[in-house]
Amino acid sequence: MGCDGGTIPKRHELVKGPRKVEKVDKNAELVARWYYCALSQEKLCRPIVACELGRLYNKDAVIEFLLDKSPDKTPMEAASHIKSIKNVTELKLADNPAWSGDKESIKGDKYDDIQSARFICPVVGLEMNGRHRFCFLRNCGCVFSERALKEIKSEVCHKCGVPFQEEDVIVLNGNKEDVEVLKKRMEDRRLKSKLEKKSKKCKAAESASQQDSAADCPGPSKAKSGKDCIKSSSGEKRQIIFTKSSADNGNSSVPGKVNKASSTTKRSIADSEEKSEAYKSIFTSHSSAKRSKEECSNWVTHTAYCF
C-alpha cells in the first residue's frame, strides 16, 4: 500500500529540481580524439591521414567511406566535408622511443598510461597525447608541436625542407575557434580552385575556336596553289579550283570569274613580252654604239702608224 510508516521519503525524491549537467571526462575525450579514428572509431594505425579541419582518420576508413555509393549510406558529420582523397593529407609522424606498445594483457592486469603517446614532436620532443597543441603542414604532411613552430620560426619545413606559408599550417584536434578559422580557409581554397579550373576551360575553348577558324580560311600558300576562298551573300564559303584544261580552253564552273582570271594572265604575258623586246633593242643599240667607237679608234691608230 505504501505510506504506512515503513519508509520515509526524502525531499529530493518528492521535489524534482534542475538536472545536473553531465561532465565529460577530459581524459576519455582526449583518448577518443588522439588515439581513435574519427570516422570508424577504431584505433589509429598507419597510414594515418588528417583532413583540412585537423581531424585524424585511418586511411583505409576514408577510402571505404568514399567508395560507398549506396543509398543506405549513413551520413557522417566527421567526414561530410571530405569529397575525395585529395581533401586529406597523409601524416609523417615521428615514433616515440619511450612507448612500449599496445600489447593487450590476457589477464587484464595491464595499466594503460594515457600520458605516454605513440608519436612525438621531432624538434622539441613533446608527446602527442592531447596535452600539447600539435600542427601539420598541408604541403608535406610533417607533424610538429605548436611550440616548435613558434620558437624556431622558419618558412621551410624543419624535417624535409619544403617551403610553406601560414595558411598551410593546420592545427590537429583544435578547439571551436580553430575549427571555424580552418573551415573558412578550406572554403576559400576550394572556391579559388574552382575559378582556376573554369578559367583554364575557357582558355582551352578559345584556343580551339581560333585553330578551327585558321583551318577554315586558307593562308597565302594555299591561295597560290590554285584554290580561292569566296564568301557568298549568305555567308557560306566556296572554293574554286583552277586547272590547266580550264585555263587553256576557257571553260569553268564559274564563267565570269574564270574568264577574268584568264584575261588578266594573257595581259600579263603580253606585257612581259613587250618589256623583254624593249630591253633587247636597248641592249643591241648600246652594243652597236660601242662597236662603232672601237672601230673608229682602231682606224685612227692604223692611219697614224702608216704615216
Given the residues 39, 66, which is the only one that is open to solvent by less than 60 Å² (accessible area, probe 1.4 Å), on the phi < 0 side of the Ramachandran plot, touching a Phe, Trp or Tyr at 6+ places or on another chain (Cβ under 6 Å) and at pLDDT 85 or above?
39
Can you report the number of residues in region 52-63 which are open to solvent by 20 Å² or more (accessible area, probe 1.4 Å) and either in contact with a His (Cβ under 6 Å, 6 or more places away or on another chain) or hydrophobic (A, V, I, L, M, F, W, C) (or both)?
1
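The values are calculated or read from the model by the stated rules, or taken from the named source; none is laboratory data. None of these values were measured; they are calculated from a predicted model. Glycine gets a Cβ as well: all are built from the backbone with ideal geometry, and neighbour counts include every protein chain shown. For accessibility, only protein heavy atoms count, side chains too; no ligands or nucleic acids. Shrake-Rupley method; radii C 1.70, N 1.55, O 1.52, S 1.80 Å.
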